[in-house]
């Protein structure tokens, strides 16, 4: 990740991850994606912003979030009911891979943002 917090998805140089693109995707698709997908994305987002997380783990997170924000993926997000299943799978694999770096503060940040958006 460079100093701006962005990186390029090497498999498609047209797709870039940035904090701004993450928040736009979440804002536009939170209700469609559902609580579980949004919660997992937020956990990864806050994990990537933890200065104690090593670069390799941040790269895994950024890769998963890049897939999440990408308009091109295995199952188009516009398909109601199944459009975010592939995104959820990618997010879950990333969480499993970096789980040792997901701490209670990270989970609390994600939980608070979920409560702000969805209520209890």
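Quick notes on this structure:
- Hits in segment 34-57 (condition: assigned to a helix (DSSP H, G or I), modelled with pLDDT under 85 and more than 12 Å from the chain's Cα centre (by Cα)): 35
- Of the residues 7, 66, the single one that is in contact with a strand residue (DSSP E or B) (Cβ under 6 Å, 6 or more places away or on another chain), modelled with pLDDT under 90, over 23 Å from residue 114 (Cα atoms) and surrounded by 15 or more Cβ atoms within 10 Å (Cβ to Cβ) is 7.
- Within segment 58-73, being in a helix (DSSP H, G or I), closer than 17 Å to residue 92 by Cβ and either more than 9 Å from the chain's Cα centre (by Cα) or without any contact (Cβ under 8 Å) to a residue 60 or more places away in the chain (or both) holds for 60, 61, 63, 64, 65, 66, 67, 68, 69.
- Failed criterion for residue 26 (all others in (1) surrounded by 15 or more Cβ atoms within 10 Å (Cβ to Cβ); (2) modelled with pLDDT of 80 or more; (3) in a helix (DSSP H, G or I) hold): (2)
- Search result, residues across segment 78-120 that are more than 17 Å from the chain's Cα centre (by Cα) and modelled with pLDDT under 80: 78, 79, 80, 81, 82, 118, 119, 120
The values are calculated or read from the model by the stated rules, or taken from the named source; none is laboratory data. It should be emphasised that the depicted structure is a prediction, and the values quoted were computed from it without experimental measurement. So basically every Cβ, Gly included, is an ideal-geometry build from the backbone, and we count neighbours across all protein chains shown.
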